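The values are calculated or read from the model by the stated rules, or taken from the named source; none is laboratory data. The model shown is predicted, which means the values in this text are computed figures rather than measured ones. All Cβ positions, glycine included, derive from the backbone under ideal geometry; neighbour counts span all protein chains shown. Just so you know, the surface numbers come from the protein's heavy atoms only, side chains and all, with ligands and any DNA or RNA stripped out. Shrake-Rupley method; radii C 1.70, N 1.55, O 1.52, S 1.80 Å.
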Amino acid sequence: MSNRFAAKLLAEFIGTFALIFIGAGAAAVVGGGAGLPGVAAVAFAHGLTVMAFAFAYGTVSGGHFNPSVTVAVLAAGAMRVSEAAGYVVSQLAGGILGALLLRAVLGGAGTSLGTPDLAHNLGLGATTLTVTPWAGYVIEAVLGFFLSTIVLSTAVAGRAGNLAPLAIGVTLIFNIIMGGPLTGAAFNPARALGPMVATGNFSDAWLYLTAPIVGAIVAAILHAGLARISQERTTASERDSAARTPAE
């Protein structure tokens, strides 16, 4: 293993560890009954953590901190399979260790350690809502799609320059504000698995571990399609320009 690859894996481990320790920790401290201010606090805890560590480690590893984002980057052809596998292992390890440390400092698993779960009897105006597993699957996949789309369009394509971490952090914030009360808004297999391992609660694990990856793959396919269309338009525009230019 080269020193450069080892540095990438360490960066992904630390960033994911921080995301779970701060993000899931905020969810554990605030709890699920704090209303919009509590949801916003959890959303900002996740978003600001990812933004800060993406600024810190973006030039080292790309700042994925999420296996589904790594899958999106792989599917878009921007990294090798062996590299992606190393990233995913480091991210899952960082997430599990972050959750175990969170359990130690909070004195056990009684707070659920921010483990995501589907809403039951959630008050919405004059009615209540229970999110079914398949509805939760769609929500987590869509949230994962949004995040992967922003990562591919900013960090990978380079359209946002040095502001890519800001765009990514903001995406986490609005994703969690909307999806947090419904599914816990993990849209990150490492964010879900870490607290599950620490609490021993693997309810709907299939949903949280696979839905964001489905969304990520769809994002990568659309990203590649849009890039191809853009390239074709650019080529056609260049041909038209050349045809209109008088011969010397």
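Structure summary
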item	result
Complete set of residues in the range 79-95 that are of a type in the set (Gly, Ala, Ser), within 14 Å of Phe5 (Cα to Cα) and open to solvent by 40 Å² or more (accessible area, probe 1.4 Å)	Ser82, Ala85
Among the residues listed as Ala84, Ala28, Ala24, the single one being in contact with a Leu (Cβ under 7 Å, 6 or more places away or on another chain), free of Cβ contacts under 8 Å to residues at least 40 places away in the same chain and either aliphatic (A, V, I, L, M) or assigned to a helix (DSSP H, G or I) (or both)	Ala84
Residues that are part of a helix (DSSP H, G or I) and without any contact (Cβ under 8 Å) to a residue 24 or more places away in the chain, drawn from the range 179-209	Ala205, Trp206, Leu209
Which listed residue, of Gly125, Gly58, Gly107, Gly35, is open to solvent by 20 Å² or more (accessible area, probe 1.4 Å), free of Cβ contacts under 8 Å to residues at least 60 places away in the same chain, within 22 Å of Val170 (Cβ to Cβ) and of a type outside the set (Phe, Trp, Tyr)	Gly35
Of residues in the range 110-122 being touching a residue at least 60 places away in the same chain (Cβ under 8 Å) and small (Gly, Ala, Ser), the one surrounded by the most Cβ atoms within 10 Å (Cβ to Cβ)	Gly114
Candidates Gly169, Gly225, filtered to the one that is modelled with pLDDT under 95 and open to solvent by less than 30 Å² (accessible area, probe 1.4 Å)	Gly225
Selection status of Ala18, open to solvent by less than 20 Å² (accessible area, probe 1.4 Å) and touching a helix residue (DSSP H, G or I) at 6+ places or on another chain (Cβ under 7 Å)	yes
